[in-house]
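Please treat every number below as a calculation from the coordinates, not as lab data. Because the structure is a prediction, the values reported are computed rather than measured. Note that each Cβ is placed from the backbone with ideal geometry, even for glycine, and that neighbours are counted across all protein chains shown.
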Amino acid sequence: MTPAARTARIRRFSVSGLCAAGAAAAALTLAPSPAHAAEPASHGAAASAAGISAQAHARAEKAHKAGSSTHSGDLDRWIRKSLKIMKAEGIPGTYEGLHRNIMRESGGDPHASNGWDVNAQNGTPSKGLLQVIQPTFDAYHVDGTAKSLTDPVANITAAANYAADKYGSIDNVDSAY
């Protein structure tokens, strides 16, 4: 097994271990996207199981609505344009991995902004299709894309670049990252 494959495998096991830690750990670690509610289900250290279930249900509803929204054709175009840039730059990822993460993070809304999580409280809200904060965008921006955090193609490509660095590929991301 190559060192890169070993690293990717360890990262996957790490994510699996985190998921197995239970709903309380997930509630502390995973910030729900702003697309599902104006206020978080709980501001406490541990959200209730019902709150987490409601958040997941709201995300699914938002994703379903986004699939039929005016952005659905644009989303396909943005993902495909990002994939071309990613291929040219050697950034791994697939259409399915990008789409799955976009729908979870923003419901396909390029204007989504998280105004309540810890990043927002510290003055750097997550924005765009893949809910990226400005310092991460700046560090992982890919030449040839707009320098704007909320530009859909730039947001997707920078997030995929970040995910490739941290997890091996956006395809390996199954939760907030």
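Of all residues in segment 141-177, those satisfying the criterion of being outside any helix (DSSP H, G or I) and touching a Leu at 6+ places or on another chain (Cβ under 7 Å) are Ser175, Ala176. For segment 83-139, filtered to residues that are assigned to a loop (DSSP other than H, G, I, E, B) and aliphatic (A, V, I, L, M), the residue that is farthest from Asp151 (Cα to Cα) is Ile91.
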